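A.B. asks: The structure's right below; bear with me while I get my questions together.
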Amino acid sequence: MSIAEIDEMTQYLTFKLQDEVFALDISKVREVLDFTTVTKVPRMPDFLRGVINLRGSVVPVIDLRLKFGMPITAKTVNTCVIIVEVKLNDETVILGVLADSVQEVMDLEADAIEPAPRIGTHLKTDFIKGMGKHKETFIMILDIDKVFTADDIEIVKDAGSE
C-alpha cells in the first residue's frame, strides 16, 4: 500500500522498539498480551523466539527488534506480544510480534503521513507504509504484510505446526 492509498483518517496502534516508535493499522491487530513464557522451537531463525499457546492455538512469536537488526528484546514489565494478522499470497497467518511497550491507539489523518524515505536502491523500505507525525515524534507506520518474506512466513507456519 502506498501513501497515496491512505486517503482518510486511520487508527493505528503505536508501540516502541528500542527508542523508536512504530505503528500498525489497527485492523491488522487482534489483541495485545503480556509477554509470558515462549516455548523455543529448535533450528529456527533468531527472529523467531518460539511459540505461545493462545486459547488452544499455537501462535509463533517474532522478535521485530531482531528482524530489524536491533538487539534482542529483553523481558520487562512493559514487554508485550501484539497478535497480528499477516496476509501473504491470499493466506492469513496469525502471529505474535514482541514490542518493548505499547503506547496508544491513535487517529492519524492522511495529511499527517508522509511517504517512506527512499534510502538508496539496496535498502528495502517497502515495509514502511509511511512516516506519521504526532506532536514532535515521527512514527514509522509498518505494512505488516510486507515486513516478512514468503520464506519467513513458511518458517513461521512450520513452527506453528510443530
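A.B. asks: For the structure I just gave you, tell me whether residue 72 is in contact (Cβ under 8 Å) with a residue 40 or more places away in the chain and in contact with a strand residue (DSSP E or B) (Cβ under 8 Å, 6 or more places away or on another chain). Give the steps one after another, and end with the answer.
C.D. replies: Numbers: in contact (Cβ under 8 Å) with a residue 40 or more places away in the chain: no; in contact with a strand residue (DSSP E or B) (Cβ under 8 Å, 6 or more places away or on another chain): yes.
So residue 72 fails the test.
A.B. asks: If you take the residues of the range 82-114 that are over 10 Å from the mean Cα position of the chain (by Cα) and among the β-branched types (Val, Ile, Thr), which of them is modelled with the highest pLDDT? Steps first, answer last, please.
C.D. replies: At the first step, the residues of the range 82-114 found to be over 10 Å from the mean Cα position of the chain (by Cα) are 87-94, 100-114.
Still in the list and also among the β-branched types (Val, Ile, Thr): 92-94, 102, 105, 113.
On the way: 92: 87, 93: 88, 94: 91, 102: 96, 105: 93, 113: 83.
So, considering only residues that are over 10 Å from the mean Cα position of the chain (by Cα) and among the β-branched types (Val, Ile, Thr), the one modelled with the highest pLDDT is 102.
A.B. asks: Among the residues of the range 115-139, which ones are modelled with pLDDT of 80 or more and hydroxyl-bearing (Ser, Thr, Tyr)?
C.D. replies: 137
The values are calculated or read from the model by the stated rules, or taken from the named source; none is laboratory data. Quick caveat, the model's predicted, so the values are computed rather than measured. Because the Cβ atoms are built from the backbone with ideal geometry, glycine has one as well, and the counts that use them run over all protein chains shown.
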